[in-house]
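The values are calculated or read from the model by the stated rules, or taken from the named source; none is laboratory data. Nothing here was measured: the structure is a model prediction, and the numbers come from that model.
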Amino acid sequence: MTWRVLLKGLLMLASLALLGLLASHFKFSEMLSQHWIDSEVRGKGWNGDFLYLAVGALATGMSFPRQVVAFLGGYAFGFVPGTALSVLATLIGCKLDFYYARWLGRGFVQRRFPHRLAKLDALLHHHPLTMTLVIRLLPVGHNTSTNLLAGVSSVRALPFFAGSALGYLPQNLVFALAGSGVNLDPTLRLTLATVLFVISSLLGIGLYRRHRQALAGVNDENGQPDAPR
């Protein structure tokens, strides 16, 4: 391992810790509230839109729940624009994490944990859009951790971002709807949220099974063992 790779890896770890301390010290999470939307975003035109995108991207990139960002998007802009802008903000945060990890940490992780990284590459590399969509749709994993792990892997950026955007949509839609204040009966709103959650989970499971079956068929034809589980 070269000194340059080691220093970049240590810089990534140190900067992650520093960002966490700064966010905690300045109470960044408390900034994202309906009061902040009322005072800084609503009625501010393009300035408010860009401020929401910038703060939402930084927040989700630093592990703040994207569901809250989506709720505030619905509150600030209404259901449809709020959904679109919250997905865009979350996607920008995803890109920040991805390229941050790829530039600073990829070489370090490849040399330090080659076998673990090989398993991640086996999962994402050949069908990155489908597998990313599966990961985003299933109620498992952590958004920021997934972004960072993808950054140190060999997954192609464009399909990873496309799969992420599609996978973000169902939950962001539900929370933007809640934040928008659309006049829905609470029972109907809860039912809609539950149905969308179940549908997205089932879709993720179905896509994963199809991927496994297709991969098993290819391996059988080539006389190769199945991919590691």
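Taking the options Asn183, Asn172, Asn222, Asn147, name whichever one is under 26 Å from Tyr52 (Cα atoms) and at pLDDT below 65.
Asn183
Of all the residues that make up region 48-89, how many are closer than 19 Å to Thr144 by Cα, of a type in the set (S, T, N, Q) and not in a loop (DSSP other than H, G, I, E, B)?
Residues flagged as closer than 19 Å to Thr144 by Cα, of a type in the set (S, T, N, Q) and not in a loop (DSSP other than H, G, I, E, B) within region 48-89 amount to 3.
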